[in-house]
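The values are calculated or read from the model by the stated rules, or taken from the named source; none is laboratory data. Note that this is a predicted model, so its numbers are computed, not measured. In this analysis, Cβ positions are derived from the backbone assuming ideal geometry, glycine residues included, and neighbour counts consider all displayed protein chains. Side chains are part of the model used for accessible areas, which takes the heavy atoms of the whole protein and leaves out ligands, DNA and RNA. Shrake-Rupley method; radii C 1.70, N 1.55, O 1.52, S 1.80 Å.
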Amino acid sequence: MKKALIFGITGQDGSYLAELLLGKGYAVHGVTRRTSTGNRTRIQRILDKITLHEGDLADAGSIWRIIKTVEPDEVYNLAAQTHVHTSFAEPEHTGQINALGPIRILEAIRTINPRIRYYQASTSELFGQGTADGKPLNEQSPMRPASPYGAAKLYAYTMARLYREAYGLFVCNGILFNHESPRRGADFVTHKIAAFAKTVKQGRWDGTPLKLGNLEAQRDWGHARDYVEGMWMMLQYTMPDDYVLATGQTFSVKAFAEKVLGGAGLKLVWDTQGASDAQGRKIITVDPSLLRPIDVPCLLGDSTHAQKQLGWKPSCTLDELVTEMLAA
């Protein structure tokens with residue numbers, strides 16, 4: 001029986017990945033940070049099927065202890081400070097976790113057992129300003145991060161490649177574009193919109209408008225369930241490599257809001273400050289505090305490499321994703 005160790009198992013991707021690996025017969029171990037309130041909602045239904053270990057990406061000792069104890073065949077690093085906006089307020093913390101955390105894991109693998117296969121969660125934020133020329137982004141596209149989050153992730157991406165080339169480790173970077181689900185964190189725009197729509201649909205809306213940032217930002221949105229399968233496929237291939245996972249289609253935040261709120265029965269009338277409904281009630285307002293210091297107008301991915309080499313392709317459409325988020 002293969003053993004997998006997941007850093008960030010309590011998150012959106014970690015929970016879907018744990019379920020996928022259990023279905024494939026793995027013994028699944030996960031790393032969680034000790035907190036005063038706990039955060040195991042997403043993995044509640046599989047808690048009796050997995051083994052959890054307390055650790056932290058900021059603590060090399062805990063990483064070494066866990067890897068020695070578990071003796072995994074595969075390690076997936078999905079743990080991170082995940083908020084781009086927060087990274088501007090907490091750049092040092094973001095670097096400590098997102099940049100240096102993966103190095104601690106790689107050093108442990110290199111020293112304890114270099115045969116372990118390692119997946120590093122990368123991001124479309126590596127590309128910074130994105131597709132200004134309209135061309136989809138692939139593994140060879142220039143990487144110019146536009147946030148401390150992206151910069152820290154680029155360091156981890158580069159070091160992962162270095163460990164692969166210098167030490168012969170089986171290391172894969174997954175450059176994943178936006179992927180959502182009903183398990184998305186409450187601070188992410190897709191979750192905020194879906195939760196607001198559900199409140200309206202259930203008749204619980206108190207009249208307070210939904211606050212959003214850049215409505216024109218274009219993103220390539222897929223379903224997290226499809227993307228964790230891609231992570232697993234990367235570590236099953238004969239040779240390690242880096243892969244973009246994306247749908248190849250973009251929708252603006254405005255378009256996403258229209259789809260979701262339309263599902264709640266609201267027809268939006270847009271102006272420069274947001275949107276109102278047919279009765280003139282303000283539904284959405286633009287909150288300047290939610291705008292990034294450096295905006296990323298469009299992120300569109302090209303997953304041709306993953307499709308050809310791994311046979312991976314997204315299966316969930318945006319409409320299906322919206323329906324699932326509303327129904328959750």
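Can you work out which of the residues in segment 265-321 that are of a type in the set (K, R) and either under 29 Å from P145 (Cα atoms) or open to solvent by less than 70 Å² (accessible area, probe 1.4 Å) (or both) is modelled with the lowest pLDDT? It would help to see each step written out before you state the result.
Pass one, segment 265-321, residues of a type in the set (K, R): 267, 281-282, 292, 308, 313.
Imposing the further condition that a residue be either under 29 Å from P145 (Cα atoms) or open to solvent by less than 70 Å² (accessible area, probe 1.4 Å) (or both) reduces the set to 282, 292, 308, 313.
Details: K282: 93, R292: 82, K308: 98, K313: 95.
Across segment 265-321, the extreme among qualifying residues is R292.
Applying the set (1) over 24 Å from H305 (Cα atoms); (2) in contact with a Phe, Trp or Tyr (Cβ under 9 Å, 6 or more places away or on another chain) to Q202 leaves exactly one unmet item: (2).
When the strands (runs of 3 or more DSSP E) confined to segment 228-328 are screened for residues that are of a type in the set (A, V, I, L, M, F, W, C) and in contact (Cβ under 8 Å) with a residue 24 or more places away in the chain, those reaching at least 3 such residues are found at 282-286. Residues that are within 30 Å of L291 (Cβ to Cβ) and β-branched (V, I, T) were ranked within segment 63-91; the one that is least open to solvent (accessible area, probe 1.4 Å) is V84. The residues of segment 91-101 that are in contact (Cβ under 8 Å) with a residue 40 or more places away in the chain and more than 28 Å from P240 (Cα to Cα) amount to a single one, P91.
Quick one: which helices (runs of 4 or more DSSP H) lie wholly within segment 75-127 and hold at least 1 residues that are touching a strand residue (DSSP E or B) at 6+ places or on another chain (Cβ under 7 Å)?
Values: elements: 84-89, 91-94, 100-112.
Helices (runs of 4 or more DSSP H) meeting the threshold: 100-112.
Could you grab me the full set of residues in segment 26-57 that are among the hydrophobic types (A, V, I, L, M, F, W, C) and either out of contact with any strand residue (DSSP E or B) (no Cβ under 6 Å at 6 or more places or on another chain) or open to solvent by 40 Å² or more (accessible area, probe 1.4 Å) (or both)? Break it down into steps so the answer makes sense when it comes.
Within segment 26-57, the subset among the hydrophobic types (A, V, I, L, M, F, W, C) is 27-28, 31, 43, 46-47, 50, 52, 57.
If the condition is that a residue be among the hydrophobic types (A, V, I, L, M, F, W, C) and either out of contact with any strand residue (DSSP E or B) (no Cβ under 6 Å at 6 or more places or on another chain) or open to solvent by 40 Å² or more (accessible area, probe 1.4 Å) (or both), then I43, I46, L47, L52, L57 are the ones that fit.
When segment 198-212 is filtered for residues that are at pLDDT 90 or above and either touching a strand residue (DSSP E or B) at 6+ places or on another chain (Cβ under 7 Å) or surrounded by 18 or more Cβ atoms within 10 Å (Cβ to Cβ) (or both), the ones remaining, listed by number, are P209, L210, K211, L212. Among the residues of segment 135-151, the one identified as touching an Asp or Glu at 6+ places or on another chain (Cβ under 7 Å) and free of Cβ contacts under 8 Å to residues at least 24 places away in the same chain is P145. When segment 232-263 is filtered for residues that are open to solvent by less than 20 Å² (accessible area, probe 1.4 Å) and farther than 30 Å from Y118 by Cβ, the ones remaining, listed by number, are S252, V253, F256, A257, V260, L261. Need pairs with beta-carbon distance below 6 Å; first residue more than 15 Å from N173 (Cα to Cα) and within segment 109-122, second open to solvent by less than 20 Å² (accessible area, probe 1.4 Å) and aromatic (F, W, Y); sequence gap 6+ or separate chains. Matching pairs, first to second residue: I109/Y118.
So that you can scan it fast, the table gives a plain yes or no per residue for (1) at positive phi; (2) not aliphatic (A, V, I, L, M):
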| position | (1), (2) |
| --- | --- |
| E71 | yes, yes |
| N77 | no, yes |
| T82 | no, yes |
| S87 | no, yes |
| P91 | no, yes |
| Q96 | no, yes |
| I103 | no, no |
| T111 | no, yes |
| P114 | no, yes |
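Set side by side, the residues T123, T111, T94 differ, and just one is closer than 15 Å to V75 by Cα and at pLDDT 95 or above, which is T111.
For segment 184-197, the criterion of a residue being open to solvent by less than 20 Å² (accessible area, probe 1.4 Å) and not in a helix (DSSP H, G or I) is satisfied by at least one position.
Return the residues of segment 154-165 that are farther than 16 Å from I116 by Cβ, out of contact with any helix residue (DSSP H, G or I) (no Cβ under 7 Å at 6 or more places or on another chain) and not acidic (D, E); say none if nothing qualifies. Listed by number, the residues that qualify are T158, R161, L162. If only one of G14, G23 is surrounded by fewer than 23 Cβ atoms within 10 Å (Cβ to Cβ), of a type in the set (G, A, S) and either closer than 19 Å to D226 by Cβ or free of Cβ contacts under 8 Å to residues at least 40 places away in the same chain (or both), which one is it? None of the others qualify; the one that does is G23.
With respect to the conditions (1) in contact (Cβ under 8 Å) with a residue 60 or more places away in the chain; (2) of a type outside the set (S, T, N, Q); (3) part of a helix (DSSP H, G or I), L154 lacks only one, and its number is (1).
Scanning segment 157-178 for residues that are farther than 23 Å from R219 by Cβ and either hydroxyl-bearing (S, T, Y) or part of a helix (DSSP H, G or I) (or both) returns T158, M159, A160, R161, L162, Y163, R164, E165, A166, Y167.
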